[in-house]
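I have placed the structure first, in the form of C-alpha cells, so that the comments after it can refer back to it.
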C-alpha cells in the first residue's frame, strides 16, 4: 500500500494488504465483488469478519483473528441472482443479504442456516442493522423503505412519498441509540426518520443538485457526514452544516464510503479509484492519504469499497487503533493508527 503523508509526523502510518483467496476461474478474475466488514478489538488481538460476493451468486465469509491472513470459514449460496446488498450484524453473528431475486435473507454466519427470508418485494439496494441487532432497515429501487423486526419476523413499511428520487435508496444508517435512521438517494437529500413512527424528522438539502450516495452517523450521535461531490458534516438536530471536506478527487470518481472512528474524532472516506483519506473534521487537509492496491481497468461493473474501524468492545467510544479497507478487487488493507496520529 502506498501511503502519502500530508504532514511530516504522519510518515509512520503502518499498513499491510492481502488478497482474499477465492479460487476464481480465469474468466472470473475481473469479477467485481461486493464486500462487507465488521471489526472489533478483543484483547490481546482483534476480530475482523469479512463477507464477499463471488460469481454464481455466492457469498464467502472469512475470519481474521490476529493471524497474518484471513481464514475462509463458510460459503453461502441461497440466492438465485446477483447480490445487491450485504450487511453484518454488529455482534458478528448474522449476515443480511439482498439480491435481484427480490429476497432479503438473514443467515447465521457460523452455520450458514437461513434464519429469516423476506420475499416478493422490489430489489433492495441498501441494508443496515440497528445497534442492538434487533432491526434491519432496507431501501429498494423504488424508493421504498422497510423496517424488519428480526426477532418477531415482522415488516413495517415507511411512508416515503416525500422522496423524489428516480433510482431508489442508495444508503442507510442508524443513529447510535437506534431511535432514528437516515437515508440517501438520487433526490440529493438526506432524510432523518423516526424509527418507531416512520415520520421524517429532518431533511438536509445542503448538497444542492449533487447526487448523495453515502453517509455515516457519528458515534456520539451529534453529526452526519454525507458524501456527494464533497463531504458535508452537519448537525442532526438543526441541519446546520459545520464543515465541507473537498480534498477528494471527484472530477472522474465519486465518494463511495464514509466511516467515523469510534471516538468521533476522525473520519475515513474513500473514492471509487480506491483512494482512502483519513481526516480530522477540525482540519482542512487530510491527515493522510492511502492508495489501495488496484490497477485501472482491472475490474468491470460495480466498483465499491468497504470501511470499518475497530471497536474496543470493553470501551466502545475509545480511540480507534485499526481501520480495515476492502475493495471490489478482493484486496483488504489493515491500517494501524498510532497515538500521535489520532491527535
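The values are calculated or read from the model by the stated rules, or taken from the named source; none is laboratory data. Model, not experiment: these values are computed from the prediction. Cβ atoms come from the backbone with ideal geometry, glycine included; neighbour counts cover every protein chain shown.
Values as computed for the structure displayed
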read-out: Exclusive hit being in contact (Cβ under 8 Å) with a residue 60 or more places away in the chain and either crowded, with 19+ Cβ neighbours inside 10 Å or more than 21 Å from the chain's Cα centre (by Cα) (or both), set 135, 181; value: 135
read-out: Filter result for residue 186 (in contact with a strand residue (DSSP E or B) (Cβ under 8 Å, 6 or more places away or on another chain), modelled with pLDDT of 95 or more and on the phi < 0 side of the Ramachandran plot); value: no
read-out: Filter pass, residue 212 being modelled with pLDDT of 95 or more and either surrounded by 21 or more Cβ atoms within 10 Å (Cβ to Cβ) or over 20 Å from residue 138 (Cβ atoms) (or both); value: no
read-out: Residue match in the stretch 240-248 (condition: under 19 Å from the mean Cα position of the chain (by Cα) and either more than 24 Å from residue 323 (Cβ to Cβ) or surrounded by fewer than 18 Cβ atoms within 10 Å (Cβ to Cβ) (or both)); value: no
read-out: Residues being surrounded by fewer than 16 Cβ atoms within 10 Å (Cβ to Cβ) and either in contact with a strand residue (DSSP E or B) (Cβ under 8 Å, 6 or more places away or on another chain) or not in a loop (DSSP other than H, G, I, E, B) (or both) - total across the stretch 142-153; value: 2
read-out: Qualifying position, being more than 22 Å from residue 305 (Cβ to Cβ), assigned to a strand (DSSP E or B) and modelled with pLDDT under 95, among 203, 156; value: 156
read-out: Residue count, the stretch 248-262 (criterion: over 19 Å from residue 309 (Cβ atoms) and either touching a strand residue (DSSP E or B) at 6+ places or on another chain (Cβ under 6 Å) or not in a loop (DSSP other than H, G, I, E, B) (or both)); value: 1
